[in-house]
1. Subtract the Cα-Cα distance of E18 and T162 from 0.36 nm times their separation in residues, and report this length gain in nm to one decimal.
2. Using Cα pairs closer than 8 Å and at least 6 residues apart in sequence, work out the relative contact order for region 16-97, in percent.
3. Taking the Cα-to-Cβ direction at N70 and at Q113 and moving 7 Å from each Cα, how far apart do the two end points lie in nm?
4. Could you give the angle, 0 to 90 degrees to the nearest 10, between helix 14-25's Cα long axis and the longest principal axis of the Cα atoms of the chain?
5. Determine the sum of side-chain charges near K54: Lys and Arg each +1, Asp and Glu each -1, restricted to other residues whose C-beta is under 13 angstrom from that of K54.
6. Please give the charge dipole size of the chain, origin at the Cα centre, charges +1 on K and R Cβ atoms and -1 on D and E Cβ atoms. Round to the nearest 20 debye.
7. Mind sorting out which of (i) 44, 37, 29; (ii) 50, 29, 24; (iii) 51, 39, 30 is the real Cα extents along the principal axes in Å computed from the coordinates?
8. Please give every one of the lysines within straight-line cross-link reach of K54, meaning a C-alpha to C-alpha distance under 27 Å, and leave out same-chain neighbours fewer than 8 residues apart.
Amino acid sequence: MNFPKTNQQNQIPRRFRERIQVAKDKKLKELNLSNVSLSRDDEILTEIPTEVWKLEQLEVLNLRNNQLTNISESISKLTNLTRLYLGGNQLTTIPDSISKLRNLTGLDLSDNQLKNIPESISKLINLTGLYLGGNQLTNIPESITQLTNLIRLDLSDNQLTTIPDTNLRN
């Protein structure tokens, strides 16, 4: 796999390149690109490598504790994902294309800088766990009540001023 050369600051750290290559070669269903707390600053992802979007067999993608600021619309290519961990980054928005990940049962968006959640989140009908704690949310969309399989919803440590009137089932 050839990774495009970018300036030194935006290069994909070697350990991440190696993990992506192994996932591709072995057709792994799980890819862990989370950052460990003892890593050097130059070993933190600031963007999701485009090569990840080619790993359509993935069921679990862990990108926790990096410095991601956005998620590409290309995430919609990972239709086999059942769990997506994006907590502990610097995300400010979630693309509507995430709604195409219909197999998701777990979505961790905790500890980011999210101010709102797209209405399209209601299309993730298989979600059983949605973790939104530690953001800057002031409200949640009414459509979240359509997630009838939801068992765990973490909204802690936000700035919520309203919660949908409709009772959340389960």
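Only the coordinates and a few stated rules stand behind these numbers; no lab work does. This one's a predicted model, so the numbers in the text were calculated from it and none came from an experiment. FYI the Cβ positions are ideal-geometry reconstructions off the backbone, even for glycines, and counts take in every protein chain you see.
1. Going from the current span to full extension adds 47.4 nm.
2. 28 percent
3. Going by the 7 Å Cα→Cβ label model, 1.4 nm.
4. Here the helix axis deviates by roughly 80 degrees.
5. Residues close to K54 contribute a combined charge of 0.
6. 640 debye
7. (ii)
8. K5, K24, K26, K27, K29, K77, K100, K123
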